[in-house]
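Trainee: Dropping a structure here in structure tokens format, bear with me for questions.
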Amino acid sequence: MEVIQTEIPDVKVFIPKRFGDSRGFFVETYNRRKFTDLGVTEEFVQANHSLSAEVGVVRGLHYQLPPNAQSKLIRVVRGAIFDVAVDIRKGSTTFGKVATAEISAANGRLIYVPTGFAHGFVTREPNTEVVYMVSAYYAPADERGIAWDDAALKIPWGVDRAHATLSEKDTRYPVLAKTTDLF
């Protein structure tokens, strides 16, 4: 498995080996032993699957507070996304910094986002399906978020506010500088 470092060393992109022939391909997307050897030691307890029908759907930037903080291992099974992780660990040397990656069904990449990061993505293709494993169960009381379009973060989403499709919840999150519930 190939590992690509992002702008923040704790956020990693993985490229698993695909075995293809005339029928299609086979790929092992998760193997606990291999991922442990690569520094991903969490036990994943829940798998989620989202479908975004349109280009420009923004989901995020989300996180959960401890004790229900989640690490995530994200892959795309159809379509493509621009994936974003923001370091929200107070005292971290990369606090407020952003790591990004293009993840698609075509490139087969996975991105690992550890606890202490807000996570989100924007769809690049219609009918994009994202599957991600998380290390803690969904806990609505601990769910938080920061504004996806926080100008201070300088995230190159590739979509502006007028053309982005967001949930009602995602339109109400504060910018990072005004967020009090951090790690």
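Trainee: Among the residues of the stretch 1-41, which ones are of a type in the set (Asp, Glu) and exposed (fewer than 12 other Cβ atoms within 10 Å of the Cβ)?
Mentor: The answer is Glu2, Asp21, Glu28, Asp37.
Trainee: Would you call Thr123 more than 24 Å from Glu168 (Cβ to Cβ), buried (at least 19 other Cβ atoms within 10 Å of the Cβ) and either touching a residue at least 60 places away in the same chain (Cβ under 8 Å) or not hydroxyl-bearing (Ser, Thr, Tyr) (or both)?
Mentor: The answer is no for Thr123.
Trainee: Oh, and also: Quick test of your reading of the structure: Val84 fulfils all but one of (1) part of a strand (DSSP E or B); (2) closer than 14 Å to Phe183 by Cα. Name the failing condition by number.
Mentor: Among (1) part of a strand (DSSP E or B); (2) closer than 14 Å to Phe183 by Cα, the lone unmet condition for Val84 is (2).
Trainee: Kindly indicate the residue of the stretch 140-162 that is at pLDDT 95 or above and in a helix (DSSP H, G or I) and also nearest to Val13 (Cα to Cα) among those meeting that condition.
Mentor: The residue in question is Leu153.
Trainee: Among the numbered conditions (1) surrounded by 15 or more Cβ atoms within 10 Å (Cβ to Cβ); (2) of a type outside the set (Phe, Trp, Tyr); (3) over 18 Å from His49 (Cα atoms), tell me where Thr93 comes up short.
Mentor: Condition (1) is where Thr93 drops out.
Trainee: Residue by residue through the stretch 1-25, note down the ones that are farther than 30 Å from Thr94 by Cβ and either in a strand (DSSP E or B) or touching an Asp or Glu at 6+ places or on another chain (Cβ under 6 Å) (or both).
Mentor: Once the filter is applied, which keeps residues that are farther than 30 Å from Thr94 by Cβ and either in a strand (DSSP E or B) or touching an Asp or Glu at 6+ places or on another chain (Cβ under 6 Å) (or both), the stretch 1-25 yields Arg18, Phe19, Gly20, Asp21, Gly24, Phe25.
Trainee: Residues being in contact (Cβ under 8 Å) with a residue 24 or more places away in the chain and in a loop (DSSP other than H, G, I, E, B): count how many of those fall in the stretch 32-63.
Mentor: Adding up the residues that qualify gives 11.
The values are calculated or read from the model by the stated rules, or taken from the named source; none is laboratory data. The structure displayed is predicted, hence computed values, not measured ones. Every residue, glycine as well, gets a Cβ built from its backbone with ideal geometry; the counts of neighbours run over all protein chains shown.
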